[in-house]
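*Asks:* The structure follows.
Laboratory data are not the source of any read-out in this text; all were calculated from the coordinates shown. None of these values were measured; they are calculated from a predicted model. Here the Cβ positions follow ideal geometry from the backbone for every residue, glycine too, while neighbour counts run over all protein chains shown.
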Amino acid sequence: MRILLALLCALTLMGQRDPILVPEVSQHEVQVRQGFTGTELLLFGAVLDPAQRAAGQRYDIVVVLKGPSEPIRMREKERIGGIWINAESSDFRSAPSFFAIASTRPIDQIVDEKTAAIYEFGTRYIQLSPSGAIDPEEQARFAAGLVDLRTRQGLYKEEIGGAQLREDILYQARIALPSNVVTGVYTAETFAVTRGRVIASAVSEVEVRKVGFERAVEYNAQENSLLYGLAAVFLSIGMGWAAGRFYAMI
C-alpha cells in the first residue's frame, strides 16, 4: 500500500491530465491442491484524476473478473413418455468459465444499458459467441440457461456493493473463487465511471494452477492419455479384486 501511495504522489506531481487507474491484486497465483475449498481475491488500487475531483465529480468502480473462455454445448432435456431425453442443443464458441462483477452501486444507477452491454457489466451482458445459425429467441433462451446453470454452480455472480471507494481515490473489491474453478489465466478488469461514462480502465491477471498430485494427474491425463487410461483401468480392477477378497474373508 505504501508503494501505491508513493506512486500516486509521483503521478500527481507530474501533473497528468488523463485519468489513470493503478490496479493490484492480493495474489497473482492461486495454487489448487488436494482439499482446495476455494479462496478470496482482494482487488484494490487507486483512481487518479485531480481534474475531475477538483470539479466535484464522484466516481463509481466496477470490477469484472473473468476466467478462461471455453467452448460449450448446452442441451435441453424434454420429457417423453415419462423419460427425460436430450432434445435441442446450442453451441457457444467462447463462454467464460468464471465470471464475477463487483460494483459500488447497482449497474443501472451507474451506466445505461448500452454501455453495460459494451463492457459486460453483468451476467446478462456476457458475450457468449454462439456457433452456427440459430433463432435469436432460441439463442437468448439457451444463453439464459447457461447463465442460470453456472450461477447455481457459483461460477457466475454479481456483487452489487462489493466494491468500495474511499475519498474517490482508493478502491477495493473482494471476489470469492469457488473450489470448482477451472485452471488458467483469469483477467480482472477495473473500470472508473463518472456521469455514466467510463473514463479509465486497467487490467490485472491471476493464474489459477494445480500443483502437487493434482498437477501430476492432470499432466498425465493430457500428455500420456493412453498410459493414464490403462493405469486407471488396472487400478479399478485391482481395487475391485481387493474388495472382493476382503469381503470373502469376512
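*Asks:* For the stretch 120-211, what is one quarter of the convex hull surface built on the Cα atoms, given in nm²?
*Replies:* 8.5 nm²
*Asks:* Along the stretch 98-115, what does the Karplus equation 6.51 cos²θ - 1.76 cosθ + 1.60 (θ = phi - 60°) give for ³J(HN,Hα), rounded to whole Hz, x for Gly and Pro?
*Replies:* 8, 8, 9, 10, 10, 9, 6, 9, x, 4, 5, 9, 9, 9, 7, 5, 4, 5
*Asks:* How large is ³J(HN,Hα), in whole Hz, for each residue of the stretch 168-176 in order, when computed from phi with the Karplus curve 6.51 cos²θ - 1.76 cosθ + 1.60 and θ = phi - 60°, using x for Gly and Pro?
*Replies:* Per residue, the Karplus-derived 3J(HN,Hα) values read 6, 10, 8, 10, 7, 8, 10, 10, 8 Hz.
*Asks:* Then there is this: Compute the distance in nm between two label points, each set 7 Å from the Cα along the Cα-to-Cβ direction, one at V211 and one at D148.
*Replies:* Rounded to a tenth, the inter-label distance reads 4.0 nm.
*Asks:* Moving to a separate point now. Which GluC sites (Glu not before Pro) from the stretch 145-183 combine a DSSP loop assignment with at most 16 other Cβ atoms within 10 Å?
*Replies:* Taking the stretch 145-183 and a limit of 16 other Cβ atoms within 10 Å, the loop GluC sites (Glu not before Pro) found are E167.
*Asks:* Next question. In nm, to one decimal, how far is the modelled label at R174 from the one at Q139, with both set 7 Å along Cα→Cβ?
*Replies:* Distance between the two pseudo-spin positions: 3.9 nm.
*Asks:* Place +1 on the Cβ of every Lys and Arg and -1 on the Cβ of every Asp and Glu in the stretch 74-200, take the dipole about the Cα centre, and give the residue among G162, F121, G145 whose Cα lies farthest towards its positive end.
*Replies:* Checked the options; the winner is G162.
*Asks:* 5 Å is the cut-off here: which amide hydrogens, built 1.01 Å from N in the peptide plane, fall below it relative to A200, excluding neighbours closer than 5 in sequence?
*Replies:* Those lying under 5 Å, H to H, from A200 are A192.
*Asks:* Straight-line reach from K77: which aspartates and glutamates fall under 12 Å, measuring Cα to Cα and dropping same-chain residues less than 8 apart?
*Replies:* Of all the aspartates and glutamates, those that pass the test against K77 - Cα under 12 Å, at least 8 places apart if same chain - are E88.
*Asks:* Please compute the modelled spin-label separation between Q127 and R33, points set 7 Å along Cα→Cβ, answer in nm with one decimal.
*Replies:* Using points 7 Å along Cα→Cβ, the separation is 3.9 nm.
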